[in-house]
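A short worksheet on the structure shown next.
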Amino acid sequence: MKASGYDRLARCYRMLELLAFGRALERARFRYFDHLRDRKRILLLGDGDGRALALVCKLAPTARIESLDISAGMIARAARRLSEADHPRVTWRHEDALAAEYPENTYDAVVTLFFFDCFSTNRVKILIDRLRPALAAGAVWLEADFALPPRGWMRLRARLWLAVMYAFFRWQTGLAVRELPPVNALLEASGLRRLAAAEWQGGFIRSAVFAQPGLSLNK
Ligand SMILES: C[S@@+](CC[C@H](N)C(=O)[O-])C[C@H]1O[C@@H](n2cnc3c(N)ncnc32)[C@H](O)[C@@H]1O
């Protein structure tokens, strides 16, 4: 995988997304962001160009936030989007999420948006297993991504889109992955409970919020 590919994409990533999907990915990204309100320690993995980060800063004005991404170009873009006042509480982590350290019992929110689709099922499982002990009591995990609808025309359409997108990312970034990992099932298998979920375009785009058992949905 070439991080430089993501560096190059950083400039046009938002525009490409809008051309392909309109506002659908934005809706999925932010569907459960209310759960981040007033959180104290937030980890954004594969944070990208900073659109999510900017909103997180507004919703959690006292949180310490870690924005982790393998692409320096994405990080630079995210940093430019941030207000001067918010810079001191954001830690930029220019790292490979698979190799990064996650201190135990630390984060009360983890955010993964259109990120796990960059990994094989096995690697997503490894990542989740490494991140699980880093969740503090009462933590939530916000996740949004593409998914394969169960049947019909929407499934066929999704397959076509995924083939195009994976070919594009393979060309641009060297991404070796060719199919979506079953992220929701892996998060649940790790012991997290899905509190709520929403889907768009017949299930092609999904968003969900997870938490440790015992936490109820109050937002
Ligand atoms: C498809 S983009 C999604 C970005 C953002 N989360 C969003 O919703 O727009 C995937 C992001 O994950 C980052 N990424 C890919 N592989 C990574 C890795 N192994 N470690 C950390 N970041 C990675 C890329 O640089 C890119 O910013």
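The values are calculated or read from the model by the stated rules, or taken from the named source; none is laboratory data. Computed from a predicted structure; not experimentally measured. Because the Cβ atoms are built from the backbone with ideal geometry, glycine has one as well, and the counts that use them run over all protein chains shown. For accessibility, only protein heavy atoms count, side chains too; no ligands or nucleic acids. Shrake-Rupley method; radii C 1.70, N 1.55, O 1.52, S 1.80 Å.
Quick look at the values:
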| item | result |
| --- | --- |
| Separation in nanometres of the label points that stand 7 Å from Cα toward Cβ, at Ala176 and Leu18 | 3.6 |
| Nitroxide proxy distance, nm - points 7 Å out along Cα→Cβ at Ala54 and Ser83 | 1.2 |
| The chain - convex hull of the alpha-carbon atoms, volume per residue in Å³ | 113 |
| Per principal axis, descending, Cα span of region 54-151 in whole Å | 45, 30, 27 |
| Per-residue SASA entry for Ile70, accessible area with 1.4 Å probe, Å² rounded to 10 | 50 |
| Apportionment of accessible area to carbon and sulfur, the chain, percent (1.4 Å) | 54 |
| Solvent-accessible heavy-atom area per residue, rounded to whole Å², over the chain at 1.4 Å | 48 |
| Length gained when the stretch Glu26-Arg193 is fully extended (0.36 nm per residue, less Cα-Cα span) | 57.8 nm |
| Positive-end extreme of charge dipole, region 3-211 - chosen from Ser207, Pro133, Pro149 (charges on Cβ) | Pro149 |
| Most mobile listed residue (Asp69, Asp86, Asp145) in the chain, GNM with C-alpha springs under 10 Å | Asp86 |
| Note, ³J(HN,Hα) from phi for region 157-164, Karplus 6.51, -1.76, 1.60, rounded to Hz, x at Gly and Pro | 4, 4, 4, 5, 4, 5, 4, 5 |
